[in-house]
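What follows is one structure encoded as structure tokens, with my remarks underneath.
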Amino acid sequence: MKKFILYIIFSLAISASAQINSDSINSIIDTCKTTKGKLNALYDATKDVLLKNTDYEYIENKIASIVNKENTAINRAQGFYYLGYIYYKQEKLNEAIGHFFKALPIAEQEKNQKLSALIHNRLGNAYKDLKNKDFAKKHYRHALDAYHAVGLEEDVSEMCNLLGTMYKNENVLDSALLYHKKALEIRLHLGDKKLLASTYNNLGLVYKKKKDYDLALNYLKLALNIRKEIKDKKGTAGASINIGNVLIGLKKNAEALQYIKEGTELAYSIGAGDFYKNGLEGLSDCYYNLGDYKLSAQYRLRYVGVNDSLSTQEINKQISELSAQYESGKKDAELLLQEEKLKTQQSEIKKQRLFILSVVVVLLLVILLIFFVYRSYRINKKNAIDLARKNIIIEQKNKEITDSINYARRIQSSLLPAESNIKKYLNDYFILYRPKDIVSGDFFWFYPHPQKQNCFLLAVADCTGHGVPGAFMSLIGKEKLDKAVAESDSPSKILNYLNLFVKASLQQDSNQVARDGMDIALIQMQLHNNGATVKYAGANRPIWIIRKDIREIEETKATKHAIAGFTEDEQQFEEHTLELQKGDSLYLFTDGYADQFGGELAKKLTSKSLKKLLLAQQHHNMNEQRQYYAEFIDKWMSDQEQVDDILLLGIKV
């Protein structure tokens, strides 16, 4: 196989290869009036040509002559930028990065934000191609800021798109959503349908990774509709296949088959190889799930064949590049061979001279070696100092960010109900509250009834997201609950008002794609001598009752709609009245405890297991129960990461 590839390389090397035509380039450049126009013309003339080593000397000299005619700082920066971009198009990434970094300080010193943004953009692309994700993201963020400063909103949205995609590929999905939603906001304003479709598609793929298949489907269908409208065949093929893959996740294989077939056939008709390959894989999976193993195997074989074909195309491209490099160095090799022959013929005459020359060369090499070792030492020392300085800066920034979030936690904690207020009404209760990050998207709310004795309202809520985004939502939820309770003391009506107030605060309407909201369980509890009367209403969060001396859980289910998000303004939340006797217990909770992964098999705890835990602890008071549930979840998680905020609240009447 190796001999075969070497034979192909040698055969291609002796064949004619594309060259740049300096006379043609000079005549085109001469027609351009500005320095930027001349540099752009030179780039256009070389971007589709596979350059040889000798071509770069001509290009560098030509750029120098163009810049020197009007030798300003910006022209020098543009010269370095275009030279870097030419190297980038030739996939000489290290050389490209070097020239970009020569251009960048000049552009920044001249306060040319547009050129600075462009250079950071190209640096991000180059580092991404080199698989240096951190440096790529850093330069994309710099480009985003610079584009924003000069008002180039379309370019801002593209940087958000690139950052969102990188975070998605790294499975940092909350950051991916943040950047894609920023891009969506800008592109909705710009009204560019092709860009809008791309963002909808990207959001769908992020939600697919989060296994939120319903939201993924909504966004991907928006992308598909737009791409069909603007007759974007390649985009239509990709969106159709993506929708099919989401439907596979929802186990709707028959429906998935229709979408993937449509997308795969379209990809084949327009020659979109990667999409066609993905479609074949999706068809194989579909037929397998539907039990048609023969068709599944056939499509799997076709997928392998197409995948191998695409790999062969890449190999051929690399062979072409190698042949051009070989052709470039062939003349130098022939000259060296002639020189060696001449030395051999004259060896008898020049033995002494060669010996002296060898001694001189050895001495020079030793001197050069000492020089390079010393220079390497100086560079390594400088790099170590720079690295230490940067680490100090990074540590300081991390400390500042952490301090800010810790301060936000203190603010959030101050808004939660004080336990001293709760203890005025309840003797035997507990609250197990554990944010996933420093701040939380879960919160609890307590409101003493102003007119009724021994009566209060209590809520447990789970906002969209966790960490800082979830904490912002919890602040909105608390403020709107305070506003809603001023309108009514009925749990169902409070949730109706809360739905309207949150949607208004987040500016959600039928045209708005942002669908953040919250799940909540809300009770009004009237205490009396024999027990308590509880009025309950819920949005996706139930209430569990355990009667004294009865070994089962009574579950009152919530209305199956969240607060805000996709919920309509007119949505009504059902209210239930429950009579509790002394010794009965009630529990309100978010989904964090039951959804936590752990145990020997690293599986979810599940609501079923949580019910068993609660029933097993009924002989203990609420404080002892809280201690048990806290220790149990620690042992259950073991070395697993906490996946969500945890909030569990229990009351014994």
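Check 467, 441 and return the single one that is crowded, with 20+ Cβ neighbours inside 10 Å, modelled with pLDDT under 90 and not acidic (Asp, Glu).
441
Could you tell me whether residue 617 is open to solvent by 10 Å² or more (accessible area, probe 1.4 Å) and either on the phi < 0 side of the Ramachandran plot or under 31 Å from the mean Cα position of the chain (by Cα) (or both)?
yes
From 233, 277, which residue is of a type outside the set (Asp, Glu) and modelled with pLDDT of 90 or more?
None of the other options fit; the residue is 233.
For the stretch 418-528, give me every one of the helices (runs of 4 or more DSSP H) that falls completely inside it and has 3 or more residues that are touching a strand residue (DSSP E or B) at 6+ places or on another chain (Cβ under 7 Å).
In the stretch 418-528, 467-485, 491-505 are the helices (runs of 4 or more DSSP H) which contain 3 or more residues that are touching a strand residue (DSSP E or B) at 6+ places or on another chain (Cβ under 7 Å).
Sort through 481, 500 and tell me the only one that's at pLDDT 90 or above and farther than 17 Å from residue 541 by Cα.
Going through 481, 500 in turn, the sole match is 500.
Does residue 505 qualify as being under 35 Å from the mean Cα position of the chain (by Cα) and surrounded by fewer than 18 Cβ atoms within 10 Å (Cβ to Cβ)?
yes
Please state which one of 195, 205 is at pLDDT 90 or above and under 14 Å from the mean Cα position of the chain (by Cα).
After ruling out the rest, the residue left standing is 205.
Filter the stretch 47-61 down to residues that are assigned to a helix (DSSP H, G or I) and surrounded by fewer than 20 Cβ atoms within 10 Å (Cβ to Cβ), then give me how many there are.
Selection size over the stretch 47-61: 8.
Between a residue in the stretch 253-280 that is of a type in the set (Asp, Glu) and any residue that is part of a helix (DSSP H, G or I) and surrounded by fewer than 21 Cβ atoms within 10 Å (Cβ to Cβ), which pairs come within a Cβ distance under 9 Å, given they are 6 or more apart or on different chains?
274/310
What helices (runs of 4 or more DSSP H), lying completely within the stretch 97-210, carry at least 3 residues that are touching a Cys at 6+ places or on another chain (Cβ under 8 Å) and either more than 28 Å from residue 76 (Cα to Cα) or not basic (Lys, Arg) (or both)?
In the stretch 97-210, 173-190 are the helices (runs of 4 or more DSSP H) which contain 3 or more residues that are touching a Cys at 6+ places or on another chain (Cβ under 8 Å) and either more than 28 Å from residue 76 (Cα to Cα) or not basic (Lys, Arg) (or both).
Any residue that is closer than 27 Å to residue 454 by Cβ, crowded, with 20+ Cβ neighbours inside 10 Å, charged (D, E, K, R) and within 38 Å of the chain's Cα centre (by Cα) - is there at least one of those in the stretch 584-605?
no
Would you say residue 384 is closer than 30 Å to residue 90 by Cα, out of contact with any strand residue (DSSP E or B) (no Cβ under 9 Å at 6 or more places or on another chain) and either in a helix (DSSP H, G or I) or modelled with pLDDT of 80 or more (or both)?
no
If residue 630 satisfies every condition in (1) crowded, with 16+ Cβ neighbours inside 10 Å; (2) within 40 Å of the chain's Cα centre (by Cα); (3) in contact (Cβ under 8 Å) with a residue 60 or more places away in the chain; (4) within 30 Å of residue 438 (Cβ to Cβ) but one, which is the exception?
Just one mismatch for residue 630, condition (1).
The values are calculated or read from the model by the stated rules, or taken from the named source; none is laboratory data. This one's a predicted model, so the numbers in the text were calculated from it and none came from an experiment. Every residue, glycine among them, receives a Cβ derived from its backbone with ideal geometry; neighbour counts consider all protein chains shown. Keep in mind that these areas ignore ligands, DNA and RNA; they rest on the heavy atoms of the full protein, side chains included. Shrake-Rupley method; radii C 1.70, N 1.55, O 1.52, S 1.80 Å.
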